[in-house]
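Since every read-out is calculated from the coordinates, none of them should be taken as a lab result. This one's a predicted model, so the numbers in the text were calculated from it and none came from an experiment. Please note: Cβ atoms are built from the backbone with ideal geometry, for glycine as well, and neighbour counts cover all protein chains shown.
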Amino acid sequence: MNKAGPVASARRTHLLCAQGPSCFYAGTEAHPIYVDHVRPPGRAPEKTPVVMVHGAAHTGTCYMATPDLRPGWAPRFAATGRHVFVPDWPGHGRSPQRADFPSLGTADVANSLLVLLEEIGPAVLLVHSASGPMAWWMTERRPDLVRAVVGIAPGPPANLLKDLPDDPAAVAALRDDASAGRPVHAVEGRPVWLSAEFAAASWANTPRFPQAAFKDYFASIVPESPRILNERFNIGGRGLRVDDPRNLHAHDILIVTGEHDPRHPREVDAATAACFGAEFVWLPDRGINGNGHMMMIEDNSDDLATLILAWLDAAGG
């Protein structure tokens, strides 16, 4: 599904010039991805498009609207004059799930996202959680396609993680080790369904989460590839690495983290930022308290969108 030459140019022109919302498919032949496209109103000044990438067990829904029915980051960003593209990972949401879904890897998703970037042109990557390693890898391989990266509690490259044994009991013994990401071992060969208890403890554990809408939020959780989960925690040393973190130092990178995220303590995300020469925002330092892992749907999501948009404008992204 990779477009090249004049075909890619014509498709890009259509995507960026047509009016109203749209959706389309991109990605590789093996791993197609569904993409929502939220256009800016009217003939807004041209700004760099933003690609908003969800994390594990989620879909692009988390950027389209909040569970308590407020506008999500995609329409908020589009309202400021940016085209926003919101893909579903392969096998997630409205992206086809193939028979080989349990062996879907992080690099497979990243390669499908690179095809999307080839179609729409250089863009800002806004990534969350398990899509963090994808962004670092994509930026190193195709720096021409990535203008800037915004990491929302992003996973680090495997370079910064311990090589964990491919042993469920050994990994279970580290479940409270924040430096290892509080890892979870997934049995490969079948999709992983995460429980409401896991979601409540990991993603809905903050004062700012819209608790009255938890049932609606949990309805959006989808099964995950066990390989992606194991790679996220670098189990068996199979996580996605970058060749040299210094290759990303020329890019504008922002990492944002809240204090109620059990897998992203300050020191872990600060180390990721230092690795890439990125700007790190620990939200309490800005007087913003109560946020956790799912800050794009928490009750101050508009304020956080404003913070990120101001950084993008200042960075020229």
On the basis of being closer than 23 Å to Gly91 by Cβ, touching a residue at least 40 places away in the same chain (Cβ under 8 Å), among the small types (Gly, Ala, Ser) and buried (at least 19 other Cβ atoms within 10 Å of the Cβ), does Ala135 make the cut?
yes
Candidate set from the range 150-186 (those that are within 23 Å of the chain's Cα centre (by Cα), in a loop (DSSP other than H, G, I, E, B) and small (Gly, Ala, Ser)); member that is surrounded by the fewest Cβ atoms within 10 Å (Cβ to Cβ):
Gly181
Residues satisfying the stated conditions in the range 113-133, i.e. in a helix (DSSP H, G or I), within 8 Å of the chain's Cα centre (by Cα) and among the hydrophobic types (A, V, I, L, M, F, W, C):
Ala130
When only residues in the range 192-212 that are in a loop (DSSP other than H, G, I, E, B) and either of a type in the set (Phe, Trp, Tyr) or touching a Pro at 6+ places or on another chain (Cβ under 6 Å) (or both) count, which is farthest from Gly258 (Cα to Cα)?
Trp193
Please find, within the range 268-300, the residue that is surrounded by the most Cβ atoms within 10 Å (Cβ to Cβ) out of those that are in contact (Cβ under 8 Å) with a residue 12 or more places away in the chain and of a type in the set (D, E, K, R).
Asp269
Which members of the range 113-122 meet the condition of being in contact (Cβ under 8 Å) with a residue 60 or more places away in the chain and surrounded by fewer than 24 Cβ atoms within 10 Å (Cβ to Cβ)?
Val115, Leu116, Leu117, Glu118, Glu119, Ile120, Gly121, Pro122
Does the range 98-110 contain at least one residue that is assigned to a helix (DSSP H, G or I), buried (at least 23 other Cβ atoms within 10 Å of the Cβ) and of a type outside the set (A, V, I, L, M, F, W, C)?
yes
